[in-house]
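All of the numbers you see were taken from the coordinates with simple rules; none came from a lab. Bear in mind the structure is a predicted one, so any value in this text is a computation, not a measurement.
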Amino acid sequence: MKRVEAIISAEKVSAVNEALRNAGVGGATILEAKGRGKGEKPQVQSGKGTRRVSAEFSSRANVVAVVDDSEVEKVIGAILEATSTGSPGDGKIFVSTVNEAIDIGTRKRGPAAIT
């Protein structure tokens, strides 16, 4: 099993959710987040001799899905299709191994817990 985690622009959450549904992903968790990339600078507004930093961090969303190993590329493709504009601030996708999953209600373990 793999954990696919995408940090994306908050405006893309609906598109990613729909893409994941279309890809057959059974469930996903979406967390609100704030962040900045390596090259991002705070947005500065100025006027009439004043300078004000309006936002040091951009609104982001952290989308997490745990899927079977065979589904990883399909999930990555769905996220990329829904979010990629070719700009540096589009986000990141991280893939990591999940050693165990347990469904609390049914007590199923392993791949059966994520279906």
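The relative contact order of the chain comes to 42 percent, based on Cα pairs under 8 Å that sit 6 or more residues apart. To the nearest 10 degrees, how steeply does helix 72-83 sit against the main Cα axis of the chain, on a 0 to 90 scale? Once rounded, one gets 30 degrees. GNM remark for the chain: springs join alpha carbons under 10 Å apart, and the peak mean-square fluctuation among Ser84, Ser58, Ser70 falls on Ser70.
For the chain, evaluate the Debye formula with one uniform point scatterer on each Cα (no solvent term) and list log10 I(q)/I(0) at q = 0.10, 0.13, 0.20 Å⁻¹, rounded to two decimals. Values, matching the q order: -0.38, -0.57, -1.05. Considering only Ser14, Ser96, Ser87, the mean-square fluctuation computed in a Gaussian network model of the chain, springs between alpha carbons under 10 angstrom, is largest for Ser87. Dividing the summed -39500 (n - 2.57) terms of all DSSP H runs of n ≥ 4 by the residue count of the chain sets its mean residue ellipticity at 222 nm at -6000 deg cm²/dmol. Taking the C-alpha atoms only, the angle from helix 13-22 to the longest principal axis of the chain is near 20 degrees.
For the chain, the number of Lys pairs separated by eight or more positions or lying on different chains, with C-alpha atoms closer than 26 Å, is 15.
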